[in-house]
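Notes for the one structure printed next.
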Amino acid sequence: MSRTAEEIASQPDCWQQALDRLPEFAPLLPRPGERVAVVGCGTSWFMAQAYASLRESAGHGATDAFAASEAPLPGRDYDRVLALTRSGTTTEVLELLAAVRGRTATTAITADPATPVAGLADELVVLDFADEQSVVQTRFPTTQLLLLRAHLGEDVSGVFADGAKAIAEPLPDVLLDAEQISFLGRGWSYGVAREAALKVRETAAWWTESYPAMEYRHGPISIARPGRVVWSLGELPEGLAEQVAATGAHLEQGVLDPVAELVRIQRLGVALAARLGRDVDNPQHLTRSVVLS
């Protein structure tokens, strides 16, 4: 079994450790009423999008998500910047934290406290128990997102049962044989859908796309056809299931919590990589962290 597969299977244990330590972490995370910018790169950017949507919809305050390289900071007034960075070494995140230092309160969530992010963020949430040896992120982002959901007051207990199903249940052949997959989400699950598409691209170099579910009819549905999959991480807009069926594409309607659906998708990426003989622990052209000279 690959390291990546082992890390995927360990996720429920990591989730529990994060929830057990929530009282310790809670004072370091954004407070209700704060205006917050959440930043990250790659997977962390997509988790930032999911969290920003959840935080605003829960009434905790205005929350924007940015790719760290594109964040309009400084220049906008935020009470706090929340930086998501597994490695603690990503150049764009470090440069942004340095730019707002002393002007805006900052919190970073990382897996490694012995990295430059510790010297730039005012507060540090360390999820070292969810760190990964693999290049591709799996358990760290889901643990991070589950912690943030619980901090918003959400009851996440049901995610554990869904996660166990996602790990144990076999993947259907229609997914393993798909030549192309489009992931759809609504609200906070759109960020998860973007991460789902990235995960399968990273692990298997597969053709994947992601869209807000309501936007899928505005052009992207044109590539749907037999042998391809449309995978919804949440409820579909009215009428879209029938429109997908008319194309001949397979509709995979996610019934688990979107985070648990993401676990299924992580497993799919590993399975597709194995079919191609790819080294899923060391995918080509990728590194654990992007550090620019």
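The values are calculated or read from the model by the stated rules, or taken from the named source; none is laboratory data. Just so it is clear, the model here is predicted, and its values are computed rather than measured. Positions of Cβ are generated from backbone atoms using ideal geometry, with glycine treated the same way; all protein chains shown enter the neighbour counts. Ligands, DNA and RNA are stripped out before the accessible areas are found, and what is left, the full protein with its side chains, is counted by its heavy atoms. Shrake-Rupley method; radii C 1.70, N 1.55, O 1.52, S 1.80 Å.
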Handout entry: Top of Leu96, Leu176, Leu272 by mean-square fluctuation, Gaussian network on the chain, Cα under 10 Å
Key = Leu176
Exercise for the section: Sum -39500 (n - 2.57) across every DSSP H segment of at least 4 residues in the chain, then divide by the residue count to get the 222 nm mean residue ellipticity, nearest 500. Expected result: -12000 deg cm²/dmol
Practice task
Please turn the phi angles of the range 35-46 into ³J(HN,Hα) values with the Karplus equation 6.51 cos²θ - 1.76 cosθ + 1.60 (θ = phi - 60°), one per residue in order, whole Hz, x for glycine and proline.
Solution key: 8, 10, 10, 10, 10, x, 10, x, 3, 5, 5, 5
Problem - Rounded Å value of the spacing that divides the Cα centres of the range 274-288 and the range 154-208 - result: 18
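For the chain, give me the percentage of DSSP beta bridges that are antiparallel, rounded to the nearest 5 percent. Before the final figure, lay out each step's value.
Details: 0 of 32 bridges.
Antiparallel: roughly 0 percent of the beta bridges in the chain.
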Practice task
Compute the accessible area per residue over the chain, keeping the other protein chains in place, probe 1.4 Å, unit Å².
Solution key: 40
Handout entry: the range 238-293 - percent of accessible surface contributed by carbon and sulfur, probe 1.4 Å
Key = 54
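Give the value in nm², to one decimal: projected area of the alpha carbon convex hull of the range 174-293, averaged over all directions. Don't skip to the end; give the middle numbers.
On the way: hull surface 32.6 nm².
Over all viewing directions, the range 174-293 projects a mean Cα-hull area of 8.1 nm².
Counting pairs of alpha carbon atoms under 8 Å apart in space and at least six apart in sequence, what relative contact order in percent does the chain give?
Numbers: 560 pairs, mean separation 57.7, N = 293.
Reported as a whole number, the value is 20 percent.
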Practice task
Using the 2.2 N^0.38 Å rule of thumb for compact globular proteins, work out how the range 116-189 stacks up: its C-alpha Rg over that value, please.
Solution key: 1.45
Practice task
Counting other Cβ atoms within 10 Å, keep those with at most 16, restrict to DSSP loop, and tell me which GluC sites (Glu not before Pro) in the range 170-242 are left.
Solution key: Glu179, Glu235, Glu238
Exercise for the section: Compute the long axis of helix 157-168 from its Cα atoms, compare it with the longest principal axis of the Cα atoms of the chain, and write down the angle in degrees, 0 to 90, nearest 10. Expected result: 50
Fill in the blank from the handout: proj_area_mean for the range 1-125 (convex hull on C-alpha atoms), units nm², value 8.1
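For the range 12-65, just say rounded, prolate or oblate: build the C-alpha gyration tensor, square-root its eigenvalues into a ≥ b ≥ c, call rounded for a/c under 1.5, and beyond that prolate if a/b exceeds b/c, oblate if not. Please report the intermediate quantities before stating the final value.
Working: a/c = 2.09, a/b = 1.27, b/c = 1.64.
Verdict is oblate for the range 12-65.
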Practice task
Please identify, among Ala245, Ala213, Ala18, the residue showing maximal mean-square fluctuation in a Gaussian network model of the chain using a 10 angstrom Cα cutoff.
Solution key: Ala245
Exercise for the section: Please get the size of the charge dipole for the range 117-225, origin at its Cα centre, with Cβ charges of +1 on Lys and Arg and -1 on Asp and Glu, quoted in debye to the nearest 20. Expected result: 400
Problem - Farthest toward positive dipole pole in the chain [+1 Lys/Arg, -1 Asp/Glu at C-beta], among Ala99, Gln17, Asn282 - result: Ala99
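Once the other residues with Cβ under 14 Å from the Cβ of Thr106 are scored (Lys, Arg +1; Asp, Glu -1), what is the net sum? Intermediate results must be reported in sequence, preceding the final value.
Working: positive: Arg31, Arg35, Arg80, Arg101, Arg103; negative: Glu34, Asp79, Glu95, Asp122, Glu123.
Spelling it out: positives minus negatives among the neighbours equals 0.
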